[in-house]
1. Could you tell me the accessible area of His66 in Å² (1.4 Å probe, neighbours in place), rounded to the nearest ten?
2. What does the extension gain come out to for Ser2 and Ile27, with contour length at 0.36 nm per residue minus their alpha carbon separation?
3. For the chain, compute Rg over Rh where Rg is the Cα radius of gyration and Rh is the Kirkwood radius from the inverse mean 1/r over Cα pairs.
4. Taking only Cα atoms of segment 1-55, what ratio of Rg to Rh do you get with Rh as the Kirkwood inverse-distance radius?
5. Ala23's amide H: which non-local residues (gap 5+, or another chain) put their own amide H closer than 5 Å, with H modeled 1.01 Å from N in plane and none for Pro or chain starts?
6. Could you tally the net charge around Val97, taking each other residue with its Cβ under 11 Å from the Cβ of Val97, Lys/Arg +1 and Asp/Glu -1?
7. Rounded to two decimals, what is the ratio between the C-alpha radius of gyration of segment 46-89 and 2.2 N^0.38 Å?
8. Which ³J(HN,Hα) values in Hz, rounded to whole numbers, follow from the phi angles of segment 53-60 under the Karplus curve 6.51 cos²θ - 1.76 cosθ + 1.60, where θ = phi - 60° and Gly and Pro get x?
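The values are calculated or read from the model by the stated rules, or taken from the named source; none is laboratory data. Quick caveat: nothing in here was measured; it's all calculated off a predicted structure. Cβ sites come from the backbone with ideal geometry, for glycine too, and all protein chains shown count toward neighbours. Heads up: the accessible areas ignore ligands, DNA and RNA and are worked out on the full protein's heavy atoms, side chains in. Shrake-Rupley method; radii C 1.70, N 1.55, O 1.52, S 1.80 Å.
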Amino acid sequence: MSHWVRIASLTDCPPGASLECVAEDRIVALFNVEGELFALDGICPHQGGPLGKGALSGCIITCPWHGFQFDVTNGRNVSSPAIVQGRYDVKVEDGAVYVTVGDGDAIS
């Protein structure tokens, strides 16, 4: 059964920022694109790089290890759109950021 897990405070991820978070036993990459939050599976499918520690430019995150790029709004790889990084539902309540985990976790 899926449930909400707190991963950060809203102030931890201001507009234009990315953040690596932990939701139970999962690494989640949180992104703030002009005030809208998005969350992806935080492990790059290329060689396991930390997407939440990458550079965010607009809605594109670049993995710091080997430069793989993803659109954080839909999880699609910029160069190969067939590669889709798992996404998490996000909500903000009272200044805290939550993602859903369980029941298959990240959605495509």
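1. Counting only protein heavy atoms, the figure is 100 Å².
2. 7.4 nm
3. Rounded to two decimals, Rg/Rh equals 0.94.
4. On the way: Rg = 11.2 Å, Rh = 11.5 Å.
Dividing the radius of gyration by the Kirkwood radius yields 0.97.
5. Sorted by chain and number, the residues that satisfy this are Val28.
6. Values: positive: Arg6, Lys91; negative: Asp12, Glu93, Asp94.
Net local charge, Val97 excluded: -1.
7. Relative to the 2.2 N^0.38 Å estimate, segment 46-89 comes out at 1.02.
8. Listing the rounded values in order: 9, x, 8, 9, 10, x, 10, 10 Hz.
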